[in-house]
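Values quoted throughout were computed directly from the atomic coordinates according to the rules given, and no laboratory measurement underlies them. Not measured: the values here are computed from a predicted model. In this analysis, Cβ positions are derived from the backbone assuming ideal geometry, glycine residues included, and neighbour counts consider all displayed protein chains.
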Amino acid sequence: MYNRHLIYNNLKKRYLALLLILFTVTAFGQSNFYRLSLGGGAGGTYSFTDVKSKPAYAGVINLDYHFTPFITAGLEFQTGLIKGGDREVSPNKEFTNGFMAYSLNAKFRAGEFTDFYYSNFLNYTKGFYIGTGLGVIQNNMNSIVRTKIEKNGSLYTFPGYDKSNNFLIPVNLGIDFYFPDGWGDIRYIVNINYQANLTFGEGLDGYDDTLTIRKNIGSPPDIYNFFSFGVKYTFGPKGLTGKSIR
């Protein structure tokens, strides 16, 4: 009877120890994360249109939903300036576009596909991402040169619109750096992002010579680049991931 009781106690201790080990391993490999993030940032713009670009600036606001800590989709709003041209140099065009852009973006980060816990390099780069989406840009020419004097003395008016809307495709390349709060949950994200925006139409620089100058026909789409630094704050309901992101 005594032996049976001793064997039973030993089995119970081993069983409890095994449960503790399994619970510890499971908890170690899981983390909570917030489903929502709100952020803002600022940076510089540079365009590729029918005239030479000038550096300008813009700001951005993001609201993202986190399917996992490393896969997100969200809304983005940008506003600022896009500049280009020189009225003193042929073709005597110059513009300042006070634009607003709205887009839906999805981003995929390296941490979703790598086992970063066992590698310092993979851990440092787990926030590296690529992404794309679809949006609309509202072009508003704050200033633009519409006329020039031809060699024969006549006055030529550049065709185009001071206000227009164009579809755009944003292509994002960047990295997130994660910072926990006092409870160990990822609450703050510092972001560096490079975005190239391909626009459909001739509204970005305010000039549309497609009907009068054949060289524009079949030309590549107008593009503006936006390089920004930003900060995001995570909040809302929590999800559970099988990877420890702390």
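May I ask you to derive the FRET efficiency for ILE192 and ASN152 from their Cβ-Cβ distance with R0 = 51 Å, giving the value to the nearest 0.05? It comes out at approximately 0.50.
Over 30 Å between Cα atoms, which of LYS126/LYS163; LYS93/LYS232; LYS54/LYS163 qualify? Among LYS126/LYS163; LYS93/LYS232; LYS54/LYS163, the Cα-Cα distance tops 30 Å for LYS126/LYS163; LYS93/LYS232.
Note on THR79 and LYS238: with the Förster distance fixed at 30 Å, the Cβ-Cβ geometry gives a FRET efficiency of about 0.40. When the Cα convex hull of the stretch 73-226 is projected onto planes of every orientation, the mean area is 12.4 nm².
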